[in-house]
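Asks: Pasting in a structure now, in structure tokens, and then I'll have a few things to ask.
The values are calculated or read from the model by the stated rules, or taken from the named source; none is laboratory data. Given the structure is predicted, the values throughout are model-derived calculations rather than measurements. Counting neighbours? That spans all protein chains shown, and the Cβs are built from the backbone with ideal geometry, glycine included. Remember, those area values only see protein heavy atoms, side chains included, never the ligands or the DNA or RNA. Shrake-Rupley method; radii C 1.70, N 1.55, O 1.52, S 1.80 Å.
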Amino acid sequence: MNQITLIKNMKKLAYLTSPKLSSKEIKRLQERDFLQNLNHLDQIWKCLKNRYGGILAVKDLRGKNKEEFSYSELDELITKASQAFYKIGLRKGEVVTIISENSPRWLIADQAIMRLSAIDAVRGINSPSVELDYIIKHSKSVGLIIQSNSIWEKLENKEELLKDLKFIINLEDFSDNGILSWEEFLRFGNEISSVSYKADVDKCTINDVATILYTSGTTGKPKGVPLTHANLLHQVINLACIADPKPGSSVLSVLPIWHSYERSAEYFFLSCGCSQFYTLPKYLKDDIKQIKPTIMATVPRLWEAIYDGFFLALKKMPNTKQKLIKRLLINSSKFKKNLRKFRNLQVDDSSIIEKIKALFLIFSCFPVHKLSSIFLWPNLKKQLCGDKLKFPINGGGALPEHVDLFFEALGIDVLVGYGLTETSPVLTCRRTWCNVRGSSGQPLPSTEIKIVGENNSILRFKETGKIFARGPQVMGGYLNDASSSMKVLSIDGWFDTGDLGFLIPNGSLIITGRSKDTIVLSSGENIEPNPLEAKILSSEFISQVQLVGQDKKNLSALVVPNIDLIESKFSENDLIKINQNKEISKFYKSKINKLLKNRIGARSEEQIIDCLFISPFTIENSLLTQTLKQKRKEIEKLYETQIEEMYKKQIKRENLI
């Protein structure tokens, strides 16, 4: 093989070194060069105070205290809280567990702890008590911060905690058992800072551990992920390649702040001088209209909920209006889809003939799309998510194709990203100028991605394999767990994400599933459930779904049905009776199999043989994580008996034939 052929073959390999920056990305990074010399995340606040002092930084819309602070006030409170922590005994390298949801006080405590080069281990209030106790012990915390009295009541071993910890702080309530209220705690920061305090603050280095995040627990006991200031600063600096909100831009925060995605996104938004508004998922519909955010960090389930809500409202309209809006949506969707095809902004390349056809459809759909974009879609966008949303960034999972296309048709370009807790978390994200639908975008600066096959060789473009990543945002290893660290981290810094996917030549990454989620049928066929489930969810009759069939002959589906639509079509709303109704079962199996059959690259073994109708997966019933991901193992375990019965019935049917 000559050298020219070797070079050509290497160019076809699915291995992206640090991507070449576009002129837009270079300009955005240059505008943020004030961040380049920081070696600690908490050092950012002096810069922000000088740049954006009077601008609103944070406001709590739905919390108990409903506080709001400017950038100047926030900097002063962080300094005060940092001095208070030092006064009550917190020192460099020590860990404090924070159990709380989003609030300005959470942010102040977080940054004050970091200023001392101490570390926070963070978790939400809905986590089970056994998990919270585990985190406190596993992280070797010397202090504890709780949101309220109810969290304290939830914890086990209270006497042991009061005895062993240096301090316990309650963010919202007053206690009389040795626990400091927030006001009492801040009083310790009123004294003039000592020489030793200033000396300790100055000892900080960029490789200090900033925080310990714990994995979601979808695969068992949560692992501690220590992230350094270098990890987090990479995100704060380089997320500017994805979005560049202007100072004072409104941000609506609905995801839990203790989750890696919301956390890094929030640090980035604040570094831009944005105004952050905290809300709760149940108030999202109201607050998104009131705040009219310019930018948001979201997860797929939020977009799906907005999508479902729209079509539910549409069904209540007169038939003529329903038909008109649906036809206009189909027209705009066709226009946008063919525009992408013509511009090569899709996973599969378009031939010259396909581009000519696409161009014809673009011209034929344009007039009606233009009228819709002027007279109809702006009002609809205003009702759904305000009229100023410019950078809706989606993480925590792939966005279903039908949901993605719906918002694209309305003129809302959702920027889908990809990453993990262990990668701080963002590895890749779509750009506004290279928004390839179906992909998770291109790597951030200094980030390498490669796709590896079963024999550890690098695959070619469009070949599916394991996704490996390397870069400044990747963790150094799990906390107190060398064996788990060695399984996912190579000596030269490559991190095995455990996800499956492929790369296309323009640098976009396409996620096809998670290796741990792979269903292996008794025939030996490997099925990746995630893309199949995303396709199934395009049916308005299905709210949630999980495919099952490990070691079985065929796939089956656990279906959370849209009860309103079942009642409308079949006059039935009782789940037990729905499962007993053969007509409903036949209808759903037919609809699901038709959707799966029409997938590009569909295989016969991807068809389902049966379905079981079940109750919704929620955070409250512990079947969803705090970021609304399905806990696959727990779901299968809960319905284990019904799943086995479903397959036994199928065997009986086959034996009768």
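Asks: Taking every pair of alpha-carbon atoms in segment 360-453, give the share separated by more than 17 Å as a whole percent.
Replies: Cα-Cα pairs of segment 360-453 separated by over 17 Å account for 59 percent.
Asks: How large is ³J(HN,Hα) for each residue in segment 386-402, as worked out from phi by the Karplus curve 6.51 cos²θ - 1.76 cosθ + 1.60 (θ = phi - 60°), to whole Hz, x for Gly and Pro?
Replies: Each residue's phi maps through the Karplus curve to give x, 10, 10, 5, 10, 10, x, 9, 10, x, x, x, 6, 8, x, 4, 5 Hz.
Asks: Also: Once you put a point 7 Å from the Cα of residue 480 and another 7 Å from the Cα of residue 567, both along the Cβ direction, what distance in nm separates them?
Replies: 5.0
Asks: Post the alpha-carbon centroid distance, segment 335-402 to segment 502-551, in whole angstrom.
Replies: 25
Asks: Output the Cα-based Rg and Dmax of segment 550-614 in Å, rounding Rg to one decimal and Dmax to a whole number.
Replies: Reported Rg and Dmax, both Å: 12.8, 37.
Asks: Check each of the chymotrypsin sites (Phe, Trp or Tyr not before Pro) in segment 128-198 and keep only those in coil by DSSP with at most 15 other C-beta atoms within 10 angstrom; list them in order.
Replies: 174
Asks: Okay, moving on. How high is the relative contact order of the chain, given as a whole-number percent (alpha carbon pairs under 8 Å, six or more residues apart)?
Replies: 12
Asks: Next up: Order the following by accessible area, largest value first: 582, 64. Probe radius 1.4 Å; ligands, DNA and RNA are ignored.
Replies: 582, 64
Asks: Sticking with this one: Which of the trypsin sites (Lys or Arg not before Pro) found in segment 352-460 are loop residues per DSSP with 15 or fewer other Cβ atoms within 10 Å of their Cβ?
Replies: Qualifying residues, ordered by number: 388.
Asks: In Å, what is the Rg of the alpha-carbon atoms in segment 327-378, and how long is Dmax?
Replies: In order Rg, Dmax, the Cα atoms of segment 327-378 give 11.5, 35 Å.
Asks: Ok, one more. Taking a threshold of 28 Å on the Cα-Cα distance, which of the pairs 46/163; 285/316; 221/553; 223/633 fall above it?
Replies: Over 28 Å apart, Cα to Cα: 46/163; 221/553.
Asks: When N counts the residues of segment 342-499, how does its alpha-carbon radius of gyration compare numerically with 2.2 N^0.38 Å, as a ratio?
Replies: 1.31
Asks: What lysines sit close enough to residue 203 to cross-link, taking a C-alpha to C-alpha distance under 16 Å and skipping anything fewer than 8 places away on the same chain?
Replies: In chain and number order, the partners are 92.
Asks: Just need the relative contact order of segment 232-281 here, percent rounded to a whole number, with Cα pairs under 8 Å and 6+ apart.
Replies: The normalised contact order for segment 232-281 reaches 48 percent.
Asks: Which whole-number value in Å² is the accessible area per residue of segment 335-408, probe 1.4 Å?
Replies: Per-residue value: 55 Å².
Asks: What do you get for the angle between helix 300-315 and the principal long axis of the chain? Use alpha-carbon atoms, 0 to 90 degrees, nearest ten.
Replies: Long axis of 300-315 versus the principal axis of the chain: about 50 degrees.
Asks: Something else about it: Can you work out the accessible area per residue across segment 549-619, with the rest of the protein chains kept in place, probe 1.4 Å, in square angstrom?
Replies: 54
Asks: Can you give me the Rg/Rh ratio for segment 143-297, using Cα atoms for both radii and the Kirkwood formula for Rh?
Replies: Checking Rg against Rh, the ratio lands at 1.00.
Asks: Can you list the HN-Hα couplings for segment 172-184, worked out from phi with the Karplus curve (6.51, -1.76, 1.60; θ = phi - 60°), rounded to whole Hz and with x for Gly and Pro?
Replies: Going residue by residue, I get 10, 10, 9, 10, 10, 10, x, 8, 7, 7, 4, 5, 5 Hz, with x marking Gly and Pro.
Asks: Using alpha carbon coordinates only, what is the Rg to Rh ratio of segment 443-512, with Rh defined as the Kirkwood radius?
Replies: 0.98
Asks: Using the eigenvalues of the Cα gyration tensor, what equivalent ellipsoid semi-axes result for segment 236-393 when each is taken as the square root of five times the eigenvalue, whole Å, largest first?
Replies: They are 32, 23, 14 Å, listed largest first.
Asks: Using a 7 Å offset from Cα along Cα-Cβ at residue 355, what residues in segment 507-546 end up with backbone N under 20 Å from the label point?
Replies: 507-508
Asks: Before I look further, what does segment 76-178 give for accessible area per residue, probe 1.4 Å, in whole square angstrom?
Replies: With all protein chains present, segment 76-178 gives 36 Å² per residue.
Asks: Something else now. Starting from the Cα-Cα distance between residue 602 and residue 376, subtract it from 0.36 nm times their residue separation and give me the gain in nm to one decimal.
Replies: That works out to 77.7 nm of additional length.
Asks: Name the trypsin sites (Lys or Arg not before Pro) in segment 88-197 that are in a loop by DSSP and that have at most 15 other C-beta atoms within 10 Å, would you?
Replies: When the trypsin sites (Lys or Arg not before Pro) of segment 88-197 are filtered for loop state and at most 15 Cβ neighbours within 10 Å, 91, 92, 140, 166 remain.
Asks: On alpha carbon coordinates alone, what is the Rg over Rh value for segment 426-568, Rh being the Kirkwood radius?
Replies: Expressed as Rg/Rh, it is 1.04.
Asks: Summing Lys, Arg as +1 and Asp, Glu as -1, what charge do residues with Cβ under 15 Å from the Cβ of residue 131 carry, residue 131 excluded?
Replies: +3
Asks: Okay, moving on. Per residue of the chain, what 222 nm ellipticity follows from adding -39500 (n - 2.57) for every DSSP H run with n ≥ 4, rounded to the nearest 500?
Replies: -12500 deg cm²/dmol
Asks: For segment 520-650, which whole percent of the accessible surface, found with a 1.4 angstrom probe, sits on carbon and sulfur atoms?
Replies: Looking at segment 520-650 in its full context, I get 47 percent from C and S.
Asks: Taking the dipole about the Cα centre of the chain, with the C-beta of Lys and Arg at +1 and of Asp and Glu at -1, give me whichever of 576, 328, 256 is farthest to the positive side.
Replies: After comparing all options, I get 328.
Asks: Give, as a single signed number, the net charge of other residues whose beta carbon lies under 13 Å from the beta carbon of residue 166, with Lys and Arg counted +1 and Asp and Glu -1.
Replies: After counting each charged neighbour, the total is +2.
Asks: Report the accessible area of residue 627, computed with a 1.4 Å probe over the heavy atoms of all protein chains in place, in Å² rounded to the nearest 10.
Replies: For residue 627, solvent-accessible area is about 10 Å².
Asks: When a/c reaches 1.5 or more, the comparison of a/b and b/c decides; with that in mind, is segment 14-63 rounded, prolate or oblate per its Cα gyration tensor?
Replies: Verdict is prolate for segment 14-63.
Asks: From the residues 459, 85, 446, which one has its Cα farthest along the dipole of the chain in the positive direction, the dipole being from +1 and -1 charges on Cβ of Lys/Arg and Asp/Glu about the Cα centre?
Replies: Result: 459, furthest along the dipole toward the positive end.
Asks: Continuing with the same structure: What is the sum of charges around residue 336, taking Lys and Arg as +1, Asp and Glu as -1, for the other residues whose C-beta is under 11 Å from the C-beta of residue 336?
Replies: Spelling it out: positives minus negatives among the neighbours equals +3.
Asks: Okay, moving on. State the three equivalent ellipsoid semi-axes of the chain, derived from the C-alpha gyration tensor as the square roots of 5 times its eigenvalues, in descending order and whole Å.
Replies: Rounded to whole Å, the semi-axes are 42, 30, 27.
Asks: What FRET efficiency would be calculated for the residue pair residue 289, residue 553, taking the C-beta separation as r and a Förster radius of 60 Å, to the nearest 0.05?
Replies: Step by step, r from the Cβ atoms, then E = 0.75.
Asks: Further question: Please compute, over every Cα-Cα pair in segment 513-657, the percentage with a separation greater than 21 angstrom.
Replies: 42
Asks: How many percent of the accessible area of segment 264-347 is carbon or sulfur, using a 1.4 Å probe?
Replies: 56
Asks: Taking the Cα atoms only, what angle lies between the long axis of helix 229-238 and the longest principal axis of the chain, rounded to 10 degrees?
Replies: Once rounded, the angle reads 50 degrees.
Asks: For helix 352-375, report the angle its Cα long axis makes with the longest principal axis of the Cα atoms of the chain; keep it between 0 and 90° and round to the nearest 10°.
Replies: 60
Asks: May I ask you to give the percent of accessible area on segment 96-225 that is carbon plus sulfur, with a probe radius of 1.4 Å?
Replies: 52
Asks: Under the definition of Cα pairs under 8 Å and six or more residues apart, what whole-number percent is the relative contact order of segment 108-228?
Replies: 27
Asks: Please report the orientation-averaged projected area of segment 253-321, defined via the convex hull of its C-alpha atoms, in nm².
Replies: For segment 253-321, averaging the hull's shadow over all directions gives 5.5 nm².
Asks: So how strong a dipole does the chain carry about its Cα centre when Lys and Arg Cβ are +1 and Asp and Glu Cβ are -1, to the nearest 20 debye?
Replies: 2940
Asks: Moving to a separate point now. So what J values fall out for segment 533-542 if you push phi through Karplus, 6.51 cos²θ - 1.76 cosθ + 1.60 with θ = phi - 60°, rounded to Hz, Gly and Pro as x?
Replies: Couplings: 5, 4, 5, 4, 5, 6, 7, 5, 7, 10 Hz.
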